[in-house]
Amino acid sequence: MKLDIDVINRDPNSINDHVKVAFEDVLAEPDGGHSFSCVWKGAYCCFCTCKRFYYNLFAIIGGLPMAMVWGIIYAFVNFYQVWLITPCMRIYIINCGCCQKFYSACIQCYMQPVYEAMSYCFSNIRVTTLTG
């Protein structure tokens, strides 16, 4: 178990780039429709503070239980992959190998001679065009 985690870069694989939301991504005033600077600065402070506070509140309330739920789900996924899916796939691959050998032997014994005989029968056919 890795206990020395990076508390600075918490998304090193950038899996949550789609939820990086800044004030400028949500609120924007077009030219010709600007509020007072104090309102705009206050809205910025209010947005950022509320976003940070409520995210931390939700993380405190739901973060540990959700981490536990996701840990259980991924433990189950690992379990059934290791103990169910992989052995079943291995059996399937082994049986496919046997079926492939049987099918190949049937084709080589029964179909290949027929098709070779037919190819010899049709090998002397010549197609010519009459120009007239």
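The values are calculated or read from the model by the stated rules, or taken from the named source; none is laboratory data. Keep in mind that what you see is a predicted model, and the values were worked out from it rather than measured. Glycine also receives a Cβ, built like all others from the backbone with ideal geometry; neighbour counts cover every protein chain displayed. These accessible areas exclude ligands, DNA and RNA; they are computed on the full protein's heavy atoms, side chains included. Shrake-Rupley method; radii C 1.70, N 1.55, O 1.52, S 1.80 Å.
Of note:
- For region 93-130 versus region 1-56, the gap between their alpha-carbon centres in whole angstrom: 68
- Gain on full stretching of the segment that runs from C48 to S119 - 0.36 nm per residue minus C-alpha separation: 17.6 nm
- Between C106 and I85, the contour length at 0.36 nm per residue exceeds the alpha carbon distance by 4.5 nm.
- Histogram of C-alpha separations across region 14-132, 5 Å bin width, %: 2, 7, 7, 8, 7, 6, 6, 6, 5, 5, 5, 5, 5, 5, 5, 5, 5, 4, 1, 0
- To the nearest 10, the accessible area of C38 is 100 Å² with a 1.4 Å probe.
- Computed helical MRE - 222 nm, the chain, DSSP H runs ≥ 4 contributing -39500 (n - 2.57), nearest 500: -18500 deg cm²/dmol
- Estimated vicinal HN-Hα couplings, Hz - region 111-121 in sequence order (Karplus 6.51, -1.76, 1.60; Gly, Pro = x): 8, 4, x, 5, 5, 5, 5, 5, 5, 5, 5
- Approximate spin-label separation M68-I93, in nm, with each point projected 7 Å along Cα-to-Cβ: 3.8
- 3J(HN,Hα) along region 19-36: 10, 6, 10, 10, 3, 5, 7, 10, 10, 8, 9, x, 4, x, x, 9, 7, 4 Hz, from the Karplus curve 6.51 cos²θ - 1.76 cosθ + 1.60 with θ = phi - 60°, whole Hz, x for Gly and Pro.
- Sites excluded, trypsin sites (Lys or Arg not before Pro) in DSSP loops with at most 13 other C-beta within 10 Å, longest stretch of the chain: 21-125
- Rounded to the nearest 10 Å², the accessible area of T86 at probe 1.4 Å: 80
- Residue-by-residue Karplus 3J(HN,Hα) for region 77-88, coefficients 6.51, -1.76, 1.60, Hz, glycine and proline x: 4, 4, 4, 6, 5, 6, 9, 10, 5, 4, x, 5
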